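The values are calculated or read from the model by the stated rules, or taken from the named source; none is laboratory data. Since the structure is predicted, the reported quantities are computational estimates derived from the model, not experimental observations. Using ideal geometry, Cβ is built from the backbone for each residue, glycine included, and neighbour counts are taken over all protein chains shown. Remember, those area values only see protein heavy atoms, side chains included, never the ligands or the DNA or RNA. Shrake-Rupley method; radii C 1.70, N 1.55, O 1.52, S 1.80 Å.
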Amino acid sequence: MGRAFQEIAFTPLVKKHQEEHGSKRQYERMAESSPAGNTLGAAEQDFLSRRDSFYMASVSETGWPYVQHRGGARGFVRVLSASLIGFADLRGNKQYISLGNLEHDARVALFFMDYPYQTRLKILGRVEIHEHDAAAAEYIEQFRATTEKGDVIERVILIHVEAFDWNCSQHITPRYTVEELQDVLAPTREKIAKLEAENAALRAKLSTKDAGDDGHRTQRTKA
């Protein structure tokens, strides 16, 4: 855990509970030797480039938190720099809850999950929305390659990374997409196909042998 994440997430009340439950000093020691953790390294950038979904939390004007799931083709979240990521915001059900929340408060918390490998990356950042401004058309065209044919991009949302943290794998239930299952099952399917081909060849060989044996028996009977 980087120092930046602790500085943002560990509020006075959080530290109070850490002290009560005996973890405050542990995190203080971690902070003393931890990197800043406010820019994405090679591992974080690679991890983000392979994600096909994430969860984004925002807060409304009335103080209510709201979590939204975002998904797309693998790589739909683009890493633009070590401190900037973004995605194309597609036309959906037109509720615009997250959009309204972000206009009120630009801060977001993101969860990126890798269920097969039980890994998650948390990012805290501030959004920058491009929809009706001068840069919107350029950004939308830049992100079009990350969308499917027919998708309508309404805006591009950029996120300036302020902190990140890798979570432990405990209690993450492994789950697999159809694409991931195909990769995992490919060797098994190849083995099954090979066995079926061998069985078919053996059946054909036995059938030919049986036909030959029947012919010999018929000839001996006539004789």
Would it be correct to say that ASP89 is closer than 30 Å to VAL178 by Cβ and either over 14 Å from the mean Cα position of the chain (by Cα) or not charged (D, E, K, R) (or both)?
yes
Residue check: is LEU40 under 18 Å from the mean Cα position of the chain (by Cα) and within 23 Å of THR147 (Cβ to Cβ)?
yes
Hey, THR177 hits all of (1) polar (S, T, N, Q); (2) surrounded by 11 or more Cβ atoms within 10 Å (Cβ to Cβ); (3) over 30 Å from GLN142 (Cα atoms) but one; which does it fall short on?
(3)
Just one of (1) touching a residue at least 40 places away in the same chain (Cβ under 8 Å); (2) touching a strand residue (DSSP E or B) at 6+ places or on another chain (Cβ under 6 Å); (3) among the hydrophobic types (A, V, I, L, M, F, W, C); (4) over 24 Å from ARG50 (Cβ atoms) trips up ILE123, so point out which.
(4)
Return the residues of the stretch 1-44 that are surrounded by 15 or more Cβ atoms within 10 Å (Cβ to Cβ), of a type in the set (Ser, Thr, Tyr) and over 30 Å from PHE143 (Cβ atoms); say none if nothing qualifies.
TYR27, SER34
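Residue by residue, here is whether (1) surrounded by 16 or more Cβ atoms within 10 Å (Cβ to Cβ); (2) over 20 Å from the mean Cα position of the chain (by Cα) holds:
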position	(1), (2)
ASP46	no, no
SER49	no, no
LEU80	no, no
ILE85	yes, no
LEU102	yes, yes
ALA137	no, yes
LYS149	no, yes
VAL152	no, yes
Filtering the stretch 159-174 down to residues that are polar (S, T, N, Q) and either open to solvent by less than 70 Å² (accessible area, probe 1.4 Å) or in a strand (DSSP E or B) (or both), which residue is nearest to TYR115 (Cα to Cα)?
SER169
Candidate set: the stretch 51-78, residues that are open to solvent by 70 Å² or more (accessible area, probe 1.4 Å) and not in a strand (DSSP E or B); chosen: the one nearest to TYR117 (Cα to Cα):
ARG74
Which residue out of VAL156, VAL108 is touching a Ser or Thr at 6+ places or on another chain (Cβ under 8 Å), outside any loop (DSSP other than H, G, I, E, B), touching a residue at least 12 places away in the same chain (Cβ under 8 Å) and open to solvent by less than 50 Å² (accessible area, probe 1.4 Å)?
VAL108
